Amino acid sequence: MYHIPYFKAENSQAIEDFLHQNWLATLCLQGPNGFPLATHVPIVWQNNGVEECWFHLMRKQEHTEVLLAQPVTKALLIVQGEHAYITAENYQKPQSASTVNYKAIHAQVQVEPLSTEQLVEQLRQLTNRFEKPESEAHFSKLSDEYIANMTKALVGFKATVIQLDHVFKQSQNKTAEERSNIRETLTQQGFTSAQIQALVVPS
């Protein structure tokens, strides 16, 4: 990950907000053959902070077996948000390198299994984040038998954050006029105002 001082978040709250908004992470760990394993996992942060998140995996998968082979496993969680190609035509000197704006966070974590009760709670929190109480798919509408059968096929895990690194590359090194040009170009490309706000700092 790049470490460039001006491609950083304004404050720690911006980092927390980003992690809570972007709930699909890429889990990376070393496989038994020495090559990396990467798996996409839905994460649920606990206690309104970013010190610990819970996720689940299917049983009988290579990454699951690696995590269950020892009590605690070191891994990397990658969380990525919006990204966009930024053409140099937006710059005062267009005969220069174009670039890509993006937001990403790398979390060095220690992973250990959850209990069955904690797995059920992780599934409940994840499901109810998206399902309204009146939805037939709300977790409260699932039978105990169905939940018991479902959890037999899954393993829950807790990831404790050891270190967070991030890049918020949002044209911080460009002039106000250039950033205005970038926003206009992204609008023409179909990006929403919320996406543009995430990709370009205010002028």
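What follows draws every value from the coordinates through simple rules; no lab data is involved. Remember, it's a predicted structure, so these values are computed and weren't measured experimentally. Virtual Cβ from ideal backbone geometry, glycine too; neighbours counted across all protein chains shown.
With 20 Å as the limit, write out which pairs from LYS103/LYS132; LYS74/LYS152; LYS93/LYS174; LYS74/LYS169; LYS8/LYS103; LYS60/LYS152 have Cα-Cα distances beyond it, or answer none. Pairs exceeding 20 Å: LYS103/LYS132; LYS74/LYS152; LYS74/LYS169. Considering only THR151, THR87, THR73, the mean-square fluctuation computed in a Gaussian network model of the chain, springs between alpha carbons under 10 angstrom, is largest for THR87.
Recomputing Cα extents along the principal axes in Å from the coordinates shown identifies the correct label among [x] 44, 40, 33; [y] 41, 36, 32; [z] 63, 46, 26 as [z]. Membrane-span-like helices of the chain, defined as complete DSSP H segments with a Cα extent of 15 Å or more along the helix axis and a mean Kyte hydropathy of at least -1.0, are identified as 116-130. Per-residue packing, averaged as other Cβ atoms within 10 Å, sorts the ranges 152-164, 99-111 into the order 99-111, 152-164, beginning with the highest. For the stretch 31-131, what does the alpha-carbon gyration tensor say about shape, rounded, prolate or oblate, given a ≥ b ≥ c as the root eigenvalues, a/c under 1.5 as rounded, and a/b over b/c as prolate? Prolate is the answer for the stretch 31-131, as a/c is 1.5 or above and a/b outweighs b/c. If you add up the charges near LEU114, with Lys and Arg at +1 and Asp and Glu at -1, over every other residue whose beta carbon is less than 13 angstrom from its beta carbon, what do you get? Taking every Cβ under 13 Å from that of LEU114, the sum is -2.
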